[in-house]
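Before any comments, here is the structure.
Throughout, read-outs are computed from the coordinates displayed, never taken from laboratory work. Since we're looking at a predicted model, the values are computed, not measured. When we count neighbours, we look across all protein chains shown, and the Cβ atoms used for this are built from the backbone with ideal geometry, even at glycine.
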Amino acid sequence: MDESRNLLEETLAAAIKDPSTVKSDGTPKATYAEGTLEHKSRTHVDNRGTVTEIFDTRWDWHPDPINFVYTYTIRPGLAKGWGLHKEHEDRYFLLDGRMEIVCYDVRPDSKTYGEISTIVLSQENPRIISIPAFVWHANMNIGSSDVRVINFPTTPYDHANPDKVRLPIDTELIPYTFPPGIRGW
């Protein structure tokens, strides 16, 4: 081995420091697209199992009522998106797996205009989260099992005139590159 080299200094000089992901009090630093709402849920545990609160009108979490609910899945290594709604918001609650929501805010009057933000949903951090209208979003399975999500969109699905436009996940119009191996539409 060449003793004139200092491997510690060489490797540290090439290394990239991990950015801080939490504030000094331990709360996440993540910035969401302006208008994104979040409500942390509670999981009650006893010797029989668990009960997780998904939604309660007493939370006064969102101004729009719940009037339509559906569930969807995403298989490992896949993503659904990019999608955008002009008339409604998606409101997601993760049941199983690990999912990352990648958002791109294209609303000209938004404080987060032109920004990418990410939201990771997992069973360890149960919550309901909204994605505002006119925010492109893609939902990516980042785990090793199927993701199962409940969506409580702010309006019922219109089968004759769906409120959804799409871009391919590899579009150059959105400044985000999915991790290697992620496929989808």
ask   = Roughly how many nanometres apart are two label points built 7 Å out from the Cα toward the Cβ at Glu87 and Thr27?
value = 3.6
key: Net charge dipole size for the chain [Lys, Arg +1 and Asp, Glu -1 on Cβ; Debye, nearest 20]   = 420
Calculated FRET value between Arg48 and Asn6, using beta carbons and R₀ = 45 Å, to 0.05 = 0.20
remark   = Under the helix-only model (-39500 (n - 2.57) for each DSSP H run of 4 or more, divided by the residues of the chain), the mean residue ellipticity at 222 nm, to 500 deg cm²/dmol, is -1000 deg cm²/dmol
key: Cα centroid separation, segment 9-82 to segment 103-124 (Å)   = 12
ask   = What is segment 121-185 by shape, rounded, prolate or oblate, if you read a ≥ b ≥ c off the alpha carbon gyration tensor as root eigenvalues and call it rounded for a/c under 1.5, prolate for a/b larger than b/c, and oblate otherwise?
value = oblate
inquiry  = In segment 84-106, whose amide N lies under 19 Å from the spot 7 Å out along Cα-to-Cβ of Ser41? List them in ranges.
reply    = 89-102
remark   = Candidates Leu37, Leu78, Leu12; GNM for the chain (alpha-carbon contacts under 10 Å) flags as most fluctuating Leu12
